[in-house]
1. Mind listing whichever residues of the stretch 145-159 are part of a loop (DSSP other than H, G, I, E, B), in contact (Cβ under 8 Å) with a residue 40 or more places away in the chain and out of contact with any Phe, Trp or Tyr (no Cβ under 8 Å at 6 or more places or on another chain)?
2. All but one of (1) in contact (Cβ under 8 Å) with a residue 12 or more places away in the chain; (2) farther than 26 Å from ARG45 by Cβ; (3) surrounded by fewer than 16 Cβ atoms within 10 Å (Cβ to Cβ) hold for TYR73, so report the exception by its number.
3. Among the residues of the stretch 85-96, are any at pLDDT 95 or above and of a type in the set (Ser, Thr, Tyr)?
4. Within the stretch 96-114, can one find any residue that is closer than 21 Å to GLY42 by Cα, in contact with a helix residue (DSSP H, G or I) (Cβ under 8 Å, 6 or more places away or on another chain) and among the aliphatic types (A, V, I, L, M)?
5. Applying the selection to the stretch 47-66, what residues are surrounded by fewer than 16 Cβ atoms within 10 Å (Cβ to Cβ) and modelled with pLDDT under 95?
6. What pairs come out if I take residues in the stretch 95-112 that are of a type in the set (Lys, Arg) and pair them with residues that are not in a helix (DSSP H, G or I) whose C-beta lies under 6 Å away, six or more apart or interchain?
7. Provide a single number: the residues in the stretch 130-144 that are over 17 Å from PRO84 (Cβ atoms), of a type outside the set (A, V, I, L, M) and not in a strand (DSSP E or B).
8. Restricting to the stretch 160-174, name every residue that is closer than 14 Å to GLY58 by Cα and part of a loop (DSSP other than H, G, I, E, B).
Amino acid sequence: MTPARLLIISAALLGLSACATTAPLGPPPPPPPGTGGPPSAGLFRPGDFAWSAIPGKGRIDGRMTFRSGVARYTCAGAGVVLTPETLWTRRRMTILYNSPDRSALPAEQVRARTPSAPNGDYSAFVRRTTCDASDHFSFQGLANGAWFVITVAKPVGGEGPDMAIMRRVEIRAGKPVAIEL
């Protein structure tokens, strides 16, 4: 075989081997839990909360007006929590409060359901404030989207159970929203 012919055959074989594919070893491994994929009600995924970390022009101005019978309730000095809505937190609110929209239940009942709620550390995405002496609270700089406002209210005069109060609120077009709990 001549050197020129050997060179042509080698080049042809080299070109064919570059086009060859290897058989896959199976599907790629799934991403580690909570790092990616589509939003999930059953799996905590930090990426699902990313929208809520972007500063916006939205604001929630709230006021405690809850009553049970003749008992008036106050949130003065209590913490108020604002949680972004994701499929995961919506499921969690349904488990804890029997509703994804609004609820007022004895705090003791909500605490009793907490262990059965799905696990995940979403505290980095939660905002907190304190209810003032006149039962008002406010959150500012909110991104457009749905949020859950949560607090525990105590009966004025001490007659009745502490109540866990949750309400879903939507921010649209950066406009302020006034709510009553």
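The values are calculated or read from the model by the stated rules, or taken from the named source; none is laboratory data. Keep in mind that what you see is a predicted model, and the values were worked out from it rather than measured. FYI the Cβ positions are ideal-geometry reconstructions off the backbone, even for glycines, and counts take in every protein chain you see.
1. First, the residues of the stretch 145-159 that are part of a loop (DSSP other than H, G, I, E, B): 156-159.
Checking the rest, the ones that are also in contact (Cβ under 8 Å) with a residue 40 or more places away in the chain come to 156-157, 159.
GLY157, GLU159, listed by residue number.
2. (3)
3. The answer is no, given that none of the residues of the stretch 85-96 is at pLDDT 95 or above and of a type in the set (Ser, Thr, Tyr).
4. yes
5. GLY47, ALA50, TRP51, ALA53, ILE54, PRO55
6. Taking only residues 6 or more apart or on different chains, the pairs are ARG102/ARG167.
7. So the count comes out to 4.
8. First, pick out the residues of the stretch 160-174 that are closer than 14 Å to GLY58 by Cα: 169-174.
Correct list: ARG172, ALA173, GLY174.
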